[in-house]
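A short write-up of the structure that comes next.
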Amino acid sequence: MEGRRSKNVYFSVTLNLVVSFVCVLALSILLLPTVSFAAGESRVQAEFAALMKRSVASNTFVFDPRRLRWKAINSKGRVVRSGRASGGANYCRDVRRACRTPVGSFRIISKRGASCRSSRYPLGGGGARMPYCMFFSKYYAIHGSSDVPNRNASHGCIRVLPKDARWLHRNFIKIGTRVKVKSY
């Protein structure tokens with residue numbers, strides 16, 4: 001009986017510690033952008049906090065697949081640049097399904113430079129050029145293309161002219177920048 005009681009106490013204490021740890025972890029993740037780290041915290045944590053503060057960008061990239069246009073709206077609500085764009089096609093023969101760009105609000109999660117290439121297209125190995133790619137989800141990005149037709153023709157990415165992709169990448173879009181894709 002005594003051994004069973006000590007096992008129950010041990011289990012209860014362990015469970016309480018795990019729950020406490022998870023709560024502290026969840027709160028630190030939720031509060032991370034607003035917390036400034038003390039001198040005793042690691043350099044990586046301080047850099048991450050600074051990045052998060054900068055990356056909660058107030059700039060917004062808006063893509064309208066009906067008008068085949070994009071616009072860059074700054075923190076003051078002013079359109080600072082706009083241009084032609086092409087989104088995902090209604091149907092892609094090679095994958096035998098719709099390829100529309102997902103509609104909704106997103107945030108930029110990663111960026112790569114002029115040498116960015118697709119890991120998925122063309123089918124069978126990827127390699128399609130996607131200069132200055134700026135991913136707003138795991139599979140969809142805003143990127144440069146010399147082929148920006150007057151119709152939605154991609155596998156879901158938002159194609160913009162190479163000069164616009166370069167400008168967006170260098171001057172406007174940062175990790176955390178809002179991306180709004182209007183409905184088709």
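We did not get these values from a lab; they are worked out from the coordinates using the rules stated. From a predicted model like this one, the values you see are computed outputs, not experimental measurements. Cβ coordinates were reconstructed from backbone atoms using ideal geometry, including for glycine residues, and neighbour counts include every protein chain displayed.
Calculate the FRET efficiency for S58 and V95 from the Cβ-Cβ distance with a Förster distance of 45 Å, rounded to the nearest 0.05.
0.80
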Problem set entry | Linear extension gain, S137 paired with K76, 0.36 nm per residue minus alpha-carbon span | 19.4 nm
Seminar exercise, completed: Rg from C-alpha atoms of region 62-126, normalised by the globular rule of thumb 2.2 N^0.38 Å, equals 1.37
Exercise. FRET efficiency for R129 and S183, Cβ-Cβ distance as r, R0 = 25 Å, nearest 0.05?
Worked result: 0.30
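When the Kirkwood radius is taken over all Cα pairs of region 72-184, what Stokes-Einstein diffusion coefficient follows at 10 °C and 1.306 mPa s, in µm²/s?
Estimated via Stokes-Einstein, D reaches 112 µm²/s.
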